Amino acid sequence: MGPLTVSTSVDAPREQVFDFICDLSTRPAWIDHFASDYRLERIDASGRGAAARFRVGAPAGVRYMETVIAEVDPPHEIVEHARGGRLDHVSIRLVLELEAGPTTTVKLTFWTKSASMLDRVKEIGRERWWHRRWSKSLERMRDLIESGAPPPRIEVAGADRVPTTAG
């Protein structure tokens, strides 16, 4: 399926928007309308290598999705590689591109590639569902950034609550 592209303009500096998007611990605040059971997979939840797993409410398709920030080009682009669907057979890509201007334009491109014929059949008609969800997500992300309030964060279970000092 795809690629499908949605975009929004955010009234904030591109660097601030980039840092917000790169921090997977804030992601549930703007995708929780279609994602639940969100869990960080690494203690460092920001930047290259950060990973998360969550349940997706997509109709008859991807049930769980695991995403990893694979490439970052600050403050221009974030590329996420993900897997989902039955036995993680569906390869998923998410590319977020940020353009500076009077406002920061965020362009999200999302696509899936199913390995099996069964998964490809299940993907039929799901493009509109994903388009609506990602459009709403970008609106929610924009509202969170523009509000200036600190976003709610989640943490890895079992992580150190008090940082230790070296030495």
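The values are calculated or read from the model by the stated rules, or taken from the named source; none is laboratory data. Note that the coordinates shown come from a computational prediction; the quantities given were computed from them, not determined experimentally. Virtual Cβ from ideal backbone geometry, glycine too; neighbours counted across all protein chains shown. The accessibility values were calculated without ligands, DNA or RNA, using every heavy atom of the protein model including side chains. Shrake-Rupley method; radii C 1.70, N 1.55, O 1.52, S 1.80 Å.
Scanning region 110-125 for residues that are surrounded by 14 or more Cβ atoms within 10 Å (Cβ to Cβ) and either closer than 15 Å to Arg93 by Cβ or at pLDDT 75 or above (or both) yields Phe110, Trp111, Thr112, Lys113, Ser114, Ala115, Glu123. On the stretch given as region 83-104, residues that are open to solvent by less than 70 Å² (accessible area, probe 1.4 Å), among the hydrophobic types (A, V, I, L, M, F, W, C) and under 19 Å from Val121 (Cα atoms) total 2. Scan region 94-113 for residues that are under 15 Å from Ile145 (Cβ atoms) and in a strand (DSSP E or B) and jot them down. Leu96, Leu98, Thr104, Thr105, Val106, Leu108, listed by residue number. A count restricted to region 126-145 and to residues that are more than 16 Å from Ile92 (Cα to Cα), open to solvent by 40 Å² or more (accessible area, probe 1.4 Å) and touching a strand residue (DSSP E or B) at 6+ places or on another chain (Cβ under 8 Å) stands at 2.
Would you point out the residue of region 35-67, among those that are surrounded by fewer than 21 Cβ atoms within 10 Å (Cβ to Cβ) and of a type in the set (Ser, Thr, Tyr), that is farthest from Glu15 (Cα to Cα)? By that ranking, first place goes to Tyr64. Looking only at residues of region 10-64 that are part of a loop (DSSP other than H, G, I, E, B) and of a type in the set (D, E, K, R), we find that the one that is nearest to Arg153 (Cα to Cα) is Arg27. Among the residues in region 92-109, are any more than 20 Å from Leu138 (Cα to Cα) and in contact with a strand residue (DSSP E or B) (Cβ under 6 Å, 6 or more places away or on another chain)? The answer is no; no qualifying residue exists.
Could you tell me which numbered condition Val72 fails, if it satisfies all but one of (1) among the hydrophobic types (A, V, I, L, M, F, W, C); (2) surrounded by fewer than 16 Cβ atoms within 10 Å (Cβ to Cβ); (3) over 17 Å from Asp32 (Cβ atoms)? The number of the failed condition is (2). Assess whether Glu80 counts as being open to solvent by less than 40 Å² (accessible area, probe 1.4 Å), outside any helix (DSSP H, G or I), of a type in the set (Asp, Glu) and closer than 29 Å to Met117 by Cα. So Glu80 passes the test.
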